[in-house]
Amino acid sequence: MTQPGDEPASELPPGFRWPDGIRAAACFTFDLDAESPILWDHPEAAGYLDVMSHQAYGPRTGVPRLLRLLERVGIRATFFVPGFSAERWPEAVRSIRDAGHEIGHHGYLHEGARGATEAQLEARLLRGLEALDAVAGVRPIGYRAPTWEMSYAMPGILARHDFRYDSGLMDADHPYRLATSAEPGAATLVELPAHWALDDWEPYVYLPGLSGSGVIARPTEVLERWTLELEALTAEGGLFMLTNHPFVSGRASRALALETLIRRAQGTAGLWIATCGEVAAHVETLDLAPVVHEPPVVPAGWHER
């Protein structure tokens, strides 16, 4: 049961509540990108052994280390996997499955959505599904858009293919019902919001000429910023959605900092550490008004002023 003083510092959204005795939730998630995002943005990098080895660190070294970490702390995580990564590193994906972690969909070649047609988005989704099924025999219920680039058409595509949740929109601190359109009675998904500040790519990644600023943060600094966010979201009764990449946070000192954070979360009264699928399943039991996202209408001629 929740103890006096453990109540959230602000009101929860209308109709929203956590399971009895729970005041907030935390999901520790990993995007098994490996080479895929670099190859999508810079296909010429396929010929750069230095860059490809940097990305291969994830499935080759980071995944085993992170699986050992997760076993030590005794939690289940969610791994979002591009189909191409599954095909290139099948044993890494099967090791995640065999360790009991949830596997979610993360595109095929980590494709951005900008400029893509609905047919292209659907084809990428289906190819990713085929790869995950062929490699690991899994059929994900959750989706995370590569680079968090989400098209207005994508929720409807996900619902059409029986996905139950998405994780990556950034307009809330709490999970909510995401409407697939403004039509009355339209299908809905559960949205599990995320944020750039809770992603390890921004503080850690540096690939000269390809990605990152060149300023690589200390793990102690990153641990501090994530701990502050964990504590603040717990006080708000929200969802702490952390996104890590095995090629990034699978490195030794960063994994150690991540373990420290997880143990801090485990010591937080009333904090539910769960997979994305488990949180989504709870939200599905709630009577929440769906949130409809519609693109803003830019005033005509404004850019000509």
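Taken together, the values in this text are just the output of simple stated rules run on the coordinates, not laboratory data. Bear in mind the structure is a predicted one, so any value in this text is a computation, not a measurement.
What value does the stretch 138-254 have for Rg/Rh, both radii from Cα atoms and Rh as Kirkwood defines it?
Here the Rg-to-Rh quotient is 1.03.
Binning every alpha carbon pair distance of the stretch 226-280 at 10 Å from zero, what are the percents per bin?
Percent of pairs per bin, in order: 21, 52, 26, 1.
In deg cm²/dmol and to the nearest 500, what is the mean residue ellipticity at 222 nm of the chain if only DSSP H runs of at least 4 residues count, each as -39500 (n - 2.57), divided by the residue total?
Value at 222 nm, helices only, nearest 500: -11000 deg cm²/dmol.
With only alpha-carbon pairs counted, each pair once and no self-pairs, how large is the Kirkwood hydrodynamic radius of the chain in angstroms?
When all Cα pairs of the chain are included, the Kirkwood radius is 20.0 Å.
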